[in-house]
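The values are calculated or read from the model by the stated rules, or taken from the named source; none is laboratory data. All figures in this text were calculated on a predicted structure; none of them were measured in a lab. Methodologically, a virtual Cβ is constructed for each residue, glycine included, from the backbone with ideal geometry; neighbour enumeration extends over all protein chains shown.
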Amino acid sequence: MIISEEIQRLHDLHMAGALSDAEFAQAKARLLDGARPGPAGAASDLSQEFSRLRRSRRDRWLGGVCGGLGQVSGMESWIWRLVFVLFTCSFGFGAVLYILLWIFVPDEEMGNYQ
């Protein structure tokens, strides 16, 4: 979808009352900022996502890797668990990747644990 269509959709939501003035302005700014080309912006977004990655203390079965990936990506942690199981069964590297993430991804701080 092109940017003008996205802005029109946001405007329609705003007019329908689904978005407040502040939400509309924030969504529009985010949409326009994302439209600017540049590899530095994409690389910095990716590095910010990786810097937020922490192993979860609340949503964990083994090491909390899938719970942490779920928090950062916005996907459910069971989907990440399924992906690791499928990669382990299909290609054999899912378990190795999980163990490496368990070792190198820091644990969530106690302040964020509720």
Review point. Would it be correct to say that residue 51 is polar (S, T, N, Q) and modelled with pLDDT of 80 or more?
Key: no
Review point. Which of the residues belonging to region 1-44 are within 30 Å of residue 98 (Cα to Cα) and either exposed (fewer than 12 other Cβ atoms within 10 Å of the Cβ) or modelled with pLDDT of 85 or more (or both)?
Key: 39, 40, 42, 43, 44
Review point. What number of residues within region 1-20 satisfy the criterion of being in contact with a helix residue (DSSP H, G or I) (Cβ under 9 Å, 6 or more places away or on another chain) and among the acidic types (Asp, Glu)?
Key: 1
Revision key, fill the gap. Scanning region 56-70 for residues that are modelled with pLDDT of 85 or more and crowded, with 20+ Cβ neighbours inside 10 Å gives 64, 65, 66, 67, 68, 69
